[in-house]
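First the structure, in the form of structure tokens, and then the observations on it.
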Amino acid sequence: MSLTNYSTPLNPSASPGTWLGVMGGGQLGRMFAHAAQQMGFKVAVLEPALDCPASHAADQLHSADYTDAAALVKLAEQCVAVTTEFENVSAKSLAFLAERTFVAPSAACVSIAQDRMEEKRFFIECATTSGVFPASHKEITCAADVDAVPDDLLPGILKTVRMGYDGKGQVRVKTRAELHSAYAGMNGVACVLEKMLPLAYEISVLAARGADGKAVVYPIAENVHRDGILFATTVPGPHISKASAEKAQAATLAVIEQLGYVGVLCIEFFVLTDGSLVVNEMAPRPHNSGHYTIDACVTSQFAQQARAMARLPLGDVRQHSPAAMLNILGDIWFEGASDEAREPAWDQVLALPGANLHLYGKDTARRARKMGHITFVAATLEEAQANLHKACAILGIAP
Ligand code: ADP
Ligand code: MG
């Protein structure tokens, strides 16, 4: 099955100087704007909020709802290509845009990633070529489904099928009774129960595919999450074997090919304690775990997205420095657990060798809000990790 769904024929590649559009004005849109502008493109962002991270970087902000037909027409007429920086954008809006301009990734690809059941069905469909399966699971859309859950799926994690991110919309359950009450708390939305797997560690694989069908894959990133939010990413992944790394990269390329995808895609995998690989979920866009590519790779994930949209050749994915990335959440703008505000000691952090600070221009710091990240590059991975730990000590983050 090919999901390639261009309503417009493939035009010749777009030249720098033309406009690229983004649905969404968060930090991913902001970093995309920086990269695309570096290549000479102009960037238009469609987003309802006026003071969003990308608004300070984009050449033009269309402040409108994501489903506003007039704003979508304006964006499509202005831009040679449009992408999305968040996966919960209305797929209908992407399809509407695709009748007027080139959209990458396509609405069909984004729709699959928006729905955990669709995504798992697609991963299973790909398994003949990818060799990797998702966790055992069962869809839950009524109380009777809870009764029909095989014992083997418990303990498990109940996840909403749609709109989940950063661990939101998830409840861990040990027993069927806990599953009943967790499902009752989900307000009737469709859910999926996944078997709780024994994770050794988590990885993500970033890839990109051009409109010409050529695909590239970045090195394996190893991710540590805290409270459901990405805490740190280390690349190349320190624990993965060469064989598993190659398997995960090949699986990612198999999925991106089968999707007929154009643009940057990131797939999250679990590596289990027995060494086996399980596919978790995919993001149809640049990914938090790929931010290290800005400072440590020849072509960043954002520059790669601009190239794919403009139907220019994809760039070299070679990593030139080992890297350790630390996410910066709003918590560090507060004294300990109190409400007392403070300014993080950036002078001390930036004195660390190989530190690259990225702040997203968000005015208000809130606990658990992604405010920025720091990528440490060094001659060795150990050195990059040591500097990340020093930064944690300076910023008051538990290492
Ligand atoms: P999100 O969309 O919030 O990132 P994920 O499905 O990636 O949702 O789940 C968030 C985190 O929860 C994962 O990174 C992993 O640490 C843990 N997790 C999710 N599913 C499982 C599972 N089946 N078994 C064990 N841990 C899991
Ligand atoms: Mg995830």
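The values are calculated or read from the model by the stated rules, or taken from the named source; none is laboratory data. Because the structure is a prediction, the values reported are computed rather than measured. Reconstructed Cβ throughout: ideal geometry from the backbone, glycine too, with neighbour counts over all protein chains shown. When the accessible area is computed, the model is the full protein with side chains, heavy atoms only, and any ligands, DNA or RNA have been set aside. Shrake-Rupley method; radii C 1.70, N 1.55, O 1.52, S 1.80 Å.
In Å³ and rounded to a whole number, note down the convex hull volume per residue for the Cα atoms of region 199-395.
Hull volume normalised by residue count: 121 Å³.
Sparsely packed loop sites in region 223-299 (the trypsin sites (Lys or Arg not before Pro) outside DSSP H, G, I, E and B with at most 14 other Cβ atoms within 10 Å) do not occur. Within the listed set ALA135, ALA127, ALA243, the residue fluctuating most in the Gaussian network model of the chain (springs between alpha-carbon atoms under 10 angstrom) is ALA243. Taking the 1.4 Å solvent-accessible surface of region 8-113 as the whole, the part contributed by carbon and sulfur is 53%. Taking each residue as 0.36 nm, the span from VAL189 to ASP347 lengthens on full extension beyond its C-alpha to C-alpha distance by 52.2 nm.
Beta-bridge orientation, the chain: approximately 80 percent antiparallel, per DSSP, counting only bridges with both partners inside. Comparing Cα centroids, region 324-384 and region 274-288 end up 25 angstrom apart. Comparing Cα centroids, region 217-263 and region 78-145 end up 18 angstrom apart. Once the GluC sites (Glu not before Pro) in DSSP loops with at most 16 neighbouring Cβ atoms within 10 Å are cut out of the chain, the longest remaining piece is 100-334.
Strictly over 23 Å apart at the Cα level, which of LYS362/LYS390; LYS42/LYS168; LYS247/LYS390; LYS214/LYS247; LYS120/LYS159 would you flag in this model? With Cα atoms farther than 23 Å apart: LYS362/LYS390; LYS42/LYS168; LYS247/LYS390. Treating each Cα of the chain as one equal point scatterer and applying the Debye formula with no solvent, the log10 of I(q)/I(0) at q = 0.09 Å⁻¹ comes out as -0.54.
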